[in-house]
Each structure stands twice: as C-alpha cells, then as structure tokens.
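Peer 1: One structure, as structure tokens, below. Some questions next.
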Amino acid sequence: MKKLLFITILSVLTSLYANDFEKNKEACDRGDSAGCYNLALMYDNAEGVKEDYSKAVKYYTKACHSGDVDACSNLAFMYYEGQGIRVDYGRAEKFFTKACNKGSVSSCAGLGFMYHKGQGVDKNSTKAIELYNKSCDGKEISSCTNLGSIYNIKEDYINAVKFYTKACEGGSISSCSSLGFIYYKGQGKIKQDYNQSAILYKKACEANDVFSCSSLGFMYHQGQGVDKNSTKAIELYNKSCEEGSISSCSNLGSIYEQENEHKKAIYFYKKACDGGSMPSCSSVGFIYHEGLGVEQNYLEAINFYTKACDNNNAIGCSSLGIMYNNGQGIKEDYIKAMKLYKKACDGGDKHGCKNYNEFKDK
C-alpha cells in the first residue's frame, strides 16, 4: 500500500513539473523574464528535468537581459564558481555589477569579494569596503563578517567589533568567535572583558566552532569569566581535540601529566605532536626519558626529542643534548651534546645555556 502511495505521489509530482516546464517554456518564448528564470532554476536544480547547467546559463542569461535581477545574480555566481561551466571572472564581474546596481545585496557581496581579492578586477580595498557596506546594510551577513575581518587586520578594533557584532547577531559563528577573541585579549580601545568573551565563545562552541570550544575550555581551566571548573575544561578540551584542535590535545596532555596519569598524558601529547606541536613532542620525550608511569625508553625519548629539536624546540634540543652527554640510549658524544646545548641556548632555553657555558669552560 505504501509503495503504491509513493508511486502515485511521484506520478502527480512528475505531472506537475511537466506542466510547470511547459508553462515556463511558453512564457519564456514570449519574452517573459519570470518564465525564463523559472526554467533556468529547473535546469539548475534538476526540478522536473535533468540537471543541465549549460541550459541553466542560457535561460538565466535570457532572463537577465530581460531585467530579472535574481537571474543576473545566479548567472554571476555560476561564472564565478565555474558551476558546470568554465570559471570566467570577467563575466562574473559584469553580471554581479548589473545585479548589484539593481539592488541584489548578494551580488554586491560577490563583487566586493572580487575587489577584495583582485579576481577579474584590480585589487581595490576601498571599493571592496564600499560594496561590503552596501550589502551588510542589506543584511548580507557574509559582508558584515568580511568587514569585521578587514578592520581586525587593520587593527581598527572599534569597527571590527561593530561589524563582527552585527554578523554574530545575524548567525555568523566565525564572527562570534572572532569577537570573543577580541574581548578576551582586550585589543586596541576595546577593554578586556572575560565575561563577554565567555558568552561569545559559548555561543560559537554550541554551534561546533572548534577554536571557541578550545578557548572556552581554557577559560574554565583558568577560571576566567566563568567559575573554575576542571571537569568542564576537560570536556571541552576533549571535544575540540577530537575535532583537530592541537592546543586542546596539548592542554589535556599537560592536565594528565600534572595528575600523574602519564599514559593518558602520552596519548594526548602524541596526538598534539602529530599535529605539529613541538613542545608536546618534547613532553612525550621527557616522559619516556624519565620513565614516568611508563617503562623508561631512551630510544623513544631520543625520537621525540629529535623531532622537537629538528623543528627548533629549544627544550627538545637541550634534553637531547643531555642524552648525548650522558650516553643514554646512544653513544656518548660531547661535541654533539655541546652543539645541541648551543642550539637550545640560542632558542632561549636557560638549561641549555647553563650546560653550554659549562662545556665551554672545561
């Protein structure tokens, strides 16, 4: 019975689409822009007909030339993105301009982005800002976000906050996160406000913004703008670590190391190390070097210290120097040890400097 009902509904929909297609085709042939636009949408979205971008372009073009603003806008985006056709920034700019001049805020945003990046036009920040302002005023949230970013880079934090706030209130999660960061740091003339920062990070984190979850975790860890709560911090660090936040993985490693849960510490430090955190590589090396909660393993320590040192982590170089100096898991090599101490010292490690100076005085 259900299968029969489904077939019946499908048959009705097919019939309706066929009627719509014929009506729109006839209207378009008579020069009606709405008919051409609807026909283009059907080909663009595969509604009642097979998806055909070349035909969508054909009918969008016809509708655009007849004055349909949405058709001009859609056509511009197809040329910009290369949707079923070759990317053509020149034509994208032409149709964005036409649609923007007729009030399409999304087209003003697209044109602003082209001037911002210098795509098909000479790069022009002033023109980009003008177009972004126009589209942001028309509630095009992406333009408000882009304005916030432009002013953020210019270190004009008053305007950055103004536009990020507008974008955040309009649903831009990245803007909420960026705003949270400005309040957290207290940048320029914006006063540091941990409470406001925590509110914004929480909003963004609830929408699964990884950076915001990690940052909110740190605030719970330190008790900044929220009551200190290690359980909540670990929960947020775990969430963001699993989503690729290297700093969260590293922070979890540090928490578990301090709690003497070294196997867990190694797990998270290794994850952070694999993601490029050289201090975490050095920390794994240290745990294996000292045999903290795990079997002492000089070879593993050497591997992790070497990785850290090769990537200019001063503590890794200093620790590796100690292993060469003492012949731990490797043949004693005082010359190698001294070179490593010097590299560590040059990188700002006090122990490396102390050991290097002692070598020089011998």
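Peer 1: In the stretch 120-146, what count of residues is obtained for those that are part of a loop (DSSP other than H, G, I, E, B) and surrounded by fewer than 16 Cβ atoms within 10 Å (Cβ to Cβ)?
Peer 2: Residues flagged as part of a loop (DSSP other than H, G, I, E, B) and surrounded by fewer than 16 Cβ atoms within 10 Å (Cβ to Cβ) within the stretch 120-146 amount to 5.
Peer 1: A follow-up question, please. Within the stretch 218-231, can one find any residue that is surrounded by fewer than 16 Cβ atoms within 10 Å (Cβ to Cβ) and under 24 Å from Asn146 (Cβ atoms)?
Peer 2: Within the stretch 218-231, not a single residue is surrounded by fewer than 16 Cβ atoms within 10 Å (Cβ to Cβ) and under 24 Å from Asn146 (Cβ atoms).
Peer 1: So Glu140 clears everything in (1) over 29 Å from Lys232 (Cβ atoms); (2) over 21 Å from the mean Cα position of the chain (by Cα); (3) not polar (S, T, N, Q) except one condition, right? Which one?
Peer 2: All conditions pass for Glu140, except number (2).
Peer 1: Restricting the stretch 30-63 to residues that are at pLDDT below 85 and surrounded by fewer than 14 Cβ atoms within 10 Å (Cβ to Cβ), which is nearest to the chain's Cα centre (by Cα)?
Peer 2: Among residues in the stretch 30-63 that are at pLDDT below 85 and surrounded by fewer than 14 Cβ atoms within 10 Å (Cβ to Cβ), the one nearest to the chain's Cα centre (by Cα) is Ala46.
Peer 1: Identify the single condition in (1) touching an Asp or Glu at 6+ places or on another chain (Cβ under 7 Å); (2) not assigned by the TED database to the domain that holds Met323 that Asp193 does not satisfy, given that it satisfies every other one.
Peer 2: Failed condition: (1).
Peer 1: Tell me, yes or no, whether the stretch 288-296 has at least one residue that is in the same structural domain as Asp346 (by the TED database), β-branched (Val, Ile, Thr) and part of a helix (DSSP H, G or I).
Peer 2: no
Peer 1: Need pairs with beta-carbon distance below 7 Å; first residue part of a helix (DSSP H, G or I) and within the stretch 234-247, second among the polar types (S, T, N, Q) and surrounded by fewer than 18 Cβ atoms within 10 Å (Cβ to Cβ); sequence gap 6+ or separate chains.
Peer 2: Cβ pairs passing all conditions: none.
The values are calculated or read from the model by the stated rules, or taken from the named source; none is laboratory data. The structure presented is a predicted model; accordingly, all values stated were derived computationally and were not measured. When we count neighbours, we look across all protein chains shown, and the Cβ atoms used for this are built from the backbone with ideal geometry, even at glycine.
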